[in-house]
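These notes concern the structure reproduced below.
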Amino acid sequence: MFDIFIKRPLLSSVISVVITLLGVLALTGLPVTQFPDIVPPSVTVTTKYTGANAEVCTKAVATPLERAINGVPGMVYMNSVSGNDGTTLIQIFFEVGTDPDLAAMNVQNRVTAVLDELPEEVIKAGVITEKEVNSMLLYLNIFSDDSTVDEKFIYNFADINILAELKRIDGVGFADIMGSREYSMRVWLKPDRLTAYNLSPEEVINAIRQQNVEAAPGKAGESADRAPQVLQYVLKYTGKFFEPDQYRNIVLRADPSGSILRLKDVADVEFGSLDYDVLSKTDGRPSAAIMLKQRPGSNAREIIENVKTRMAELKQETFPPGMTYNFAYDVSRFLDASIHEVVRTLFEAFVLVFIVVFLFLQDWRSTLICALVVPVALVGAFAFMSMIGFSINLLTLFALVLAIGIVVDDGIVVVEAVHAKMAEEHLSPRQATFAAMREISGALIAITLVMSAVFVPVAFLSGPVGIFYRQFSLTLAVAILISGLNALTLTPALCALLLKPHTSAESRKNWLGRFFASFNRGFDRLTGRYQGLLKRIISRRVVTVGLLALFVAGTWGINTILPSGFIPTEDQGMIYVNVTTPAGATVKRTEEVLDQIQQVASKMSAVENVSTLAGFSLMTDGSGSSYGMAMVNLKAGKNERKPWMT
C-alpha cells in the first residue's frame, strides 16, 4: 500500500516539504502570549453622577442597572463598585467561549431599556458599555526632569500627542491615561456669597450654560428672487469662553436699578484640571500613567515592539526638553525570558534525542533519518495551531518539547525494521525497506493512533482547565500524527536511499568503533542483570504487589503534602502594593503614604523604578480618595535581586 512512497521518493519529500512550509508560514503569523486566553469575557458599564456619594450612586444608579442586566444570556455573575466621586462601575462576567461583542450588545440593550430610570445628570454624562480587555501589556509613565512641570501639563501633553498615536498601533485593544487631568475651567463657588445673594448652585450652572455656548447665527443679506442683494455675510459668534476673565464676567442677575451680579462676585475662577481624584507619580515625580492592553488574538511581542519603536520616534519628534518616559510594567520581559528558556529546552531536547539515537543505532545515516522526522513534525504542528486558532505560548511550546521524544519513535521503528531485514535476510536497503514496510505499516498506524488517543481526551475537558490544556494536548497529538505520516512516507524513502548494510561495532577499528563495542558490552551486562532480577521476583507476587502499593501510597502521600495550584507561581520582577487609608482620608493623605513607600523601595538596589497612583484601588479597579496602589519594578537579571525580594 505504501510502496509508492519508496518507489517515488520525490513524492515523499514534497509531502514533508509542503508540511514544513505551511508550518513556517503559520509560525510568522501566530500570536505570542504567555498562556492561553482562559479569562472569561466581561463587559463593563461605567456611569458618572457628579456630586453624588457612594450610597446615592448605589441606590440611584447601580441598583436599577443591576436589575436590568441580571439574566442577560451567557452571564455567570456580576459585581459593582460605587465611589464617593460619583463613579459607578459594573462588571458582568460571561461563560468562557461567549462572543464578547455579542455580550456587549446584549448588555447595551438591557441598559438602554432603563435609561429613563436613571438621574438626568447620569444620562447627560453618558452611560458607557464596552467589552473589557484583560491582558495588560504595558504600564507607561511620561514624566519630566524639570521640577517646574506639573502633572497637569504632562497629562495633557500625553493626551494630545501620545495617546492617539498609541491607540492607532495594530493590536492595542485599550489605551488610556489613569486619572483625568484634562485642561478645564474650574469655578469654585463661595457658599457664604451665594447665601448673601440668595442664589443656588443650579442658577449659577444655568447662567453659565446659557451664556457659554457655541451658536450658529447663520447668514445676512442672502439673495432672494423678490429682493436681490449685492453682498451677503456669514455671521460668526465668538463661541465658548476660553479665558478666566470671560467666565468671571458672566452675568448671574441684573436688577432694575442697574446693578449687575457677576460670577466673580460669588466664585473664584481658575484654569485648572477636570478632576483631582487621581494623582500619578514615578519615582516621586509627577507623571502621566498610560495603561495599554492587548486585543484578543494579537501578538503581544509585536505590539510591544511597535509601541517601543513609536515611543522612541515620538521622543525625538515631539517631546519637549527634559521630558522622557519609562515602563513600570512590561510583560515582554517575563514573556521573552520564559519563551527563551523553553526554546532553549527545545533545542537541548533535540540534541539529547539525537545523541541517544546515535548511541543505540550506532550509525550516522540511521540517526540522520530519524532526526529529519523531528523538525517536520514540530514545524508542521504550527500550521494546525494557526488553523485552529491557537497561539505560541508556554503550554504549546512545552508540548513540542515533549513531542521530540515521542515523534522520533516512529522513525526508529522503521529504521530498526529495515536493518533487521538487511541483517537477517541479506537484502539490499531498497528491498529491505519494501519488506519491512509490508510488515510494520499497520503497526505504525496503530502506534500513532494509540499515542494520539492518550492526549486527545484532554481537549474535551470543560471550563478554564479544559481551555488551558486543550492547546497542549492537541498540539502534541498533531505532532504525533505528522510523525506517523512521515514514518509511512519520508522515512521509508530515506531508508531506501541512504542506508547501507550495517557493520558491527567490533569490526570497526577506529576509536568510535571501540567506544561502541565497549558501550554494547556494558549495556549487555546491564540487560543481563535486569533479566536476572526479573527472573527472581517475577514469580513472587507479594513483592510485585507490594512495590505497586508502595508507589501508589508514595504518590498519594506526595500529592497531599505538596501545595496545589492552577498555574505555577513565577517571579515576574514586579511587586504590587495596594494601600487603603482610613475612610474619609483625602488624596493628599494617601499620596503621602505612597511617597513613603516609594522612598523606602527606591533605596533598594534591586528596584529599577517605582510608580504610584493615589486615588485608585488595585483590588477593585475603582477610584476613591482613600485608595492607592504602587508598582515596584525590579531590575532584570537574577543577580540584581536578593531571594527575600522575590
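The values are calculated or read from the model by the stated rules, or taken from the named source; none is laboratory data. This one's a predicted model, so the numbers in the text were calculated from it and none came from an experiment. Glycine also receives a Cβ, built like all others from the backbone with ideal geometry; neighbour counts cover every protein chain displayed. Surface areas here come from the heavy atoms of the whole protein model, side chains and all, with no ligands, DNA or RNA. Shrake-Rupley method; radii C 1.70, N 1.55, O 1.52, S 1.80 Å.
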Worksheet item: Quick one: helix 541-561 against the long Cα principal axis of the chain, what's the angle to the nearest 10°, folded into 0 to 90?
Response: 20
Practice prompt. Could you state how much accessible area residue 28 has, in square angstrom rounded to the nearest 10, with a 1.4 Å probe and all protein chains kept in place?
Written response: 110
Worksheet item: To the nearest 10 degrees, how steep is helix 511-537 against the longest Cα principal axis of the chain, on a 0 to 90 scale?
Response: 90
Fill in: Most to least accessible of 491, 324, 50 (protein chains only, probe 1.4 Å)
50, 324, 491
Discussion item. Around residue 628, under 15 Å between beta carbons, what's the net of Lys plus Arg minus Asp minus Glu among the other residues?
Written reply: -3
Response to the item:
Yeah, the range 178-269 with a ≥ b ≥ c from its alpha-carbon gyration tensor (a/c under 1.5 is rounded, else prolate when a/b outruns b/c, oblate otherwise) is oblate
Discussion item. With N set to the number of residues, divide the alpha-carbon radius of gyration of the range 330-383 by 2.2 N^0.38 Å and report two decimals.
Written reply: 1.47
Worksheet entry | Those trypsin sites (Lys or Arg not before Pro) in the range 236-331 that DSSP places in a loop and that have at most 10 other beta carbons within 10 Å | 236
Worksheet item: In whole Å, how far is the Cα centre of the range 410-443 from that of the range 253-291?
Response: 87
Item to complete: Report, in deg cm²/dmol and to the nearest 500, the calculated mean residue ellipticity at 222 nm for the chain, where each DSSP H run with n ≥ 4 adds -39500 (n - 2.57) and the sum is divided by the residue count.
Response: -16500 deg cm²/dmol
Item to complete: Pull up all non-local amide H partners of residue 609: gap of 5 or more, or a different chain, and H-to-H distance under 5 Å with H placed in the peptide plane.
Response: 633
Worksheet entry | Residue-count net charge about residue 277 - beta-carbon cut-off 12 Å; Lys, Arg +1, Asp, Glu -1 | 0
Worksheet item: Cα centroids of the range 108-122 and the range 1-52: how far apart, whole angstrom?
Response: 42
Worksheet item: Near residue 195, within a Cβ-to-Cβ distance under 15 Å, what is the net charge of the other residues, with Lys and Arg +1 and Asp and Glu -1?
Response: -1
Worksheet item: Could you name the lysines in cross-link range of residue 7, using Cα to Cα under 29 Å and dropping any fewer than eight places away on the same chain?
Response: 421, 500
Worksheet entry | Among (i) 76; (ii) 47; (iii) 40, the entry derived from the coordinates for percent of Cα pairs over 43 Å apart | (ii)
Worksheet item: Arranged from highest to lowest average of other beta-carbon atoms within 10 Å per residue, in what order do the peptides 513-524, 401-412, 10-21 appear?
Response: 401-412, 10-21, 513-524
Discussion item. Under the rule a/c < 1.5 gives rounded, and otherwise a/b versus b/c splits prolate from oblate, where does the range 507-637 land using the Cα gyration tensor?
Written reply: oblate
Practice prompt. Kindly rank 551-564, 436-449, 574-587 from highest to lowest mean number of other beta carbons found within 10 Å of each residue.
Written response: 436-449, 574-587, 551-564
Worksheet item: Alpha carbon centre of the range 605-621 versus the range 304-376: separation in Å?
Response: 30
Practice prompt. Below 25 Å Cα-Cα, how many Lys pairs turn up in the range 254-365? Only count pairs eight or more apart in sequence, or on different chains, if you could.
Written response: 5
Discussion item. Check which residues have an amide H placed less than 5 Å from residue 323's amide H, if you skip close sequence neighbours.
Written reply: 145
Worksheet item: Given R₀ = 35 Å, FRET efficiency for residue 160-residue 231 by Cβ-Cβ distance, to 0.05?
Response: 0.30
Item to complete: Place the peptides 609-622, 356-369, 202-215 in order of packing, highest mean first, counting for every residue the other Cβ atoms within 10 Å and averaging per peptide.
Response: 609-622, 356-369, 202-215
Worksheet item: Expressed as a whole percentage, what fraction of the accessible surface of the chain belongs to carbon and sulfur atoms when a 1.4 Å probe is rolled over the protein heavy atoms?
Response: 60
Fill in: Accessible surface, the chain, averaged per residue in Å² (probe 1.4 Å)
55
Item to complete: Can you tell me how much longer the chain between residue 318 and residue 459 gets when fully stretched, taken as 0.36 nm per residue apart minus their C-alpha distance, in nm with one decimal?
Response: 45.7 nm
Fill in: Sequence-separation-based contact order of the chain, relative, with Cα cut under 8 Å and 6+ spacing, percent
18
Practice prompt. Would you list which lysines come within 24 Å of residue 59, measuring only between C-alpha atoms, while excluding same-chain residues fewer than 8 positions from it?
Written response: 48, 124
